[in-house]
Amino acid sequence: MAGKKRGTWGIRFLIHLFTVALGVLFFWLEGFLLEDIQSIPGPLFEEVRVKYVDPALDAKADRVAKQIAALDREIAGKREEQHLLDESTKNFQSTINQLVDLQRQSIEKAVALSESEKETISTSLKRYLENQKNYQELIKNITDLAGRKRLLDEEKRTLDRQIDEQMTLARWEYERVCESQRMKLALYQLAILAPLLLVAGYLLLNRRGSMYYPLFLAFGGATILQAALVVHEYFPSRYTKYALIAVLLGVVARILIHFIKIVAAPKLDWLLRQYREAYERFLCPLCEYPIRTGPRKFLYWTRRTVNKILPQADCTGKNEPYHCPSCGTTLFEPCPACKEVRHSLLEHCEHCGAKKDVR
Ligand SMILES: [Zn+2]
Ligand SMILES: [Zn+2]
């Protein structure tokens with residue numbers, strides 16, 4: 001087994017840095033995709049309103065509002081007229097007062113008024129009375145208009161109330177439509193993310209030994225984060241909390257199973273290391289019973305004393321197949337390639353290097 005190539009500190013730092021950068025880029029890319037989905041336009045309130053609010057009612061309310069506005073304008077015009085009439089009446093009043101003074105003086109002085117002066121007085125009086133008459137008429141007009149306006153106001157209020165009732169239904173319906181649109185967008189986004197998540201999950205779980213694992217880690221991390229954000233945004237926490245707990249359960253169970261497997265069936269390189277160390281000490285890799293073959297045939301040693309007990313005899317003993325007398329495991333056997341005797345529990349033959357699957 002070749003040791004893992006780890007690289008220098010600088011290279012490892014750069015790999016971590018670029019893994020993070022790649023993760024950010026993946027996150028952005030997926031974010032842009034999701035944003036584009038989010039920008040699909042939703043329903044318009046006007047479209048929903050049309051279905052719920054009677055158009056005849058709308059038209060009527062509109063007409064009444066226009067009539068009210070016209071009446072308002074008319075009343076304002078009349079009031080302006082009234083104001084002007086008021087002014088001119090005041091003028092006539094002062095003219096008449098002056099003339100009356102003039103007349104009184106003439107009577108006191110017993111001087112008759114001229115014809116033109118008499119005529120002025122009579123026309124002024126006539127105009128004044130006419131003004132008064134107009135004024136009364138104006139007031140009556142304005143009162144009439146105000147009465148009509150009151151009636152229209154009342155009608156408008158009734159119409160508004162009816163429209164408002166229908167609008168309430170429209171608003172409920174609009175909320176419902178908006179919510180279903182939101183759910184639809186969420187499903188679209190998850191539909192985009194689901195295959196990415198599957199690929200990411202597969203790569204993260206099954207390519208752990210790969211040289212390119214940092215790439216998969218960046219991609220997987222970004223995808224999982226995006227999916228979590230979408231779920232968090234669209235689904236109320238009531239559901240999210242169950243989804244979250246399910247995911248956590250899955251992850252914790254997976255880790256637990258991983259450790260249980262390591263204990264129950266150690267990984268090959270751990271196993272090989274254990275075998276190698278046992279062979280070095282001439283102990284059975286499985287039960288630690290001494291391997292008494294060749295010159296060590298009559299010696300006694302343990303894991304601690306193996307280096308102090310050295311065989312005295314020469315080392316020309318012929319290698320022979322050997323089984324552990326304690327547990328029966330085959331420890332040395334003929335190599336199928338070169339027919340020499342080789343270690344049964346190590347990967348390569350010491351004579352020809354042929355590889356064997358040790359499991
Ligand atoms: Zn044994
Ligand atoms: Zn061999």
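The values are calculated or read from the model by the stated rules, or taken from the named source; none is laboratory data. Owing to the predicted nature of the structure, the values given are computational and were not obtained by experimental measurement. We place every Cβ from the backbone using ideal geometry, glycine too, and count neighbours over all the protein chains shown.
Can you confirm whether LYS339 is within 16 Å of ligand 2 (Cβ to nearest atom), modelled with pLDDT of 85 or more and surrounded by fewer than 13 Cβ atoms within 10 Å (Cβ to Cβ)?
Details: within 16 Å of ligand 2 (Cβ to nearest atom): yes; modelled with pLDDT of 85 or more: yes; surrounded by fewer than 13 Cβ atoms within 10 Å (Cβ to Cβ): yes.
It is true that LYS339 is within 16 Å of ligand 2 (Cβ to nearest atom), modelled with pLDDT of 85 or more and surrounded by fewer than 13 Cβ atoms within 10 Å (Cβ to Cβ).
Does PHE26 satisfy the condition of being aromatic (Phe, Trp, Tyr), surrounded by 14 or more Cβ atoms within 10 Å (Cβ to Cβ) and assigned to a helix (DSSP H, G or I)?
Taking the combined requirement at face value, the residue satisfies it.
Looking at segment 35-61, which of its residues are charged (D, E, K, R) and not in a helix (DSSP H, G or I)?
Hit for segment 35-61 is ASP54, nothing else.
If you take the residues of segment 342-351 that are within 6 Å of ligand 2 (Cβ to nearest atom) and part of a loop (DSSP other than H, G, I, E, B), which of them is surrounded by the fewest Cβ atoms within 10 Å (Cβ to Cβ)? Give the derivation first.
Residues of segment 342-351 within 6 Å of ligand 2 (Cβ to nearest atom): 342, 349, 351.
Narrowing the set further to residues that are part of a loop (DSSP other than H, G, I, E, B) leaves 349, 351.
Working: CYS349: 19, HIS351: 14.
The selected residue is HIS351.
So, in segment 318-336, of the ones that are part of a loop (DSSP other than H, G, I, E, B) and exposed (fewer than 14 other Cβ atoms within 10 Å of the Cβ), which residue ends up nearest to ligand 2 (Cβ to nearest atom)?
Here is the first cut: in segment 318-336, the residues part of a loop (DSSP other than H, G, I, E, B) are 318-321, 324-329, 335-336.
Of the ones still in play, those that are also exposed (fewer than 14 other Cβ atoms within 10 Å of the Cβ) are 318, 320-321, 325-328, 336.
Values: LYS318: 16, GLU320: 15, PRO321: 13, PRO325: 25, SER326: 26, CYS327: 25, GLY328: 23, PRO336: 8 Å.
By that ranking, first place goes to PRO336.
Every residue, every condition in (1) modelled with pLDDT under 90; (2) buried (at least 16 other Cβ atoms within 10 Å of the Cβ); (3) in contact with a helix residue (DSSP H, G or I) (Cβ under 7 Å, 6 or more places away or on another chain); (4) not in a helix (DSSP H, G or I), yes or no:
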{"residue": "LYS184", "(1), (2), (3), (4)": "no, no, no, no"}
{"residue": "LEU190", "(1), (2), (3), (4)": "yes, yes, yes, no"}
{"residue": "LEU196", "(1), (2), (3), (4)": "no, yes, yes, no"}
{"residue": "VAL199", "(1), (2), (3), (4)": "no, no, no, no"}
{"residue": "PRO214", "(1), (2), (3), (4)": "yes, yes, yes, no"}
{"residue": "PHE219", "(1), (2), (3), (4)": "no, yes, yes, no"}
{"residue": "ILE224", "(1), (2), (3), (4)": "yes, yes, yes, no"}
{"residue": "ALA228", "(1), (2), (3), (4)": "yes, no, no, no"}
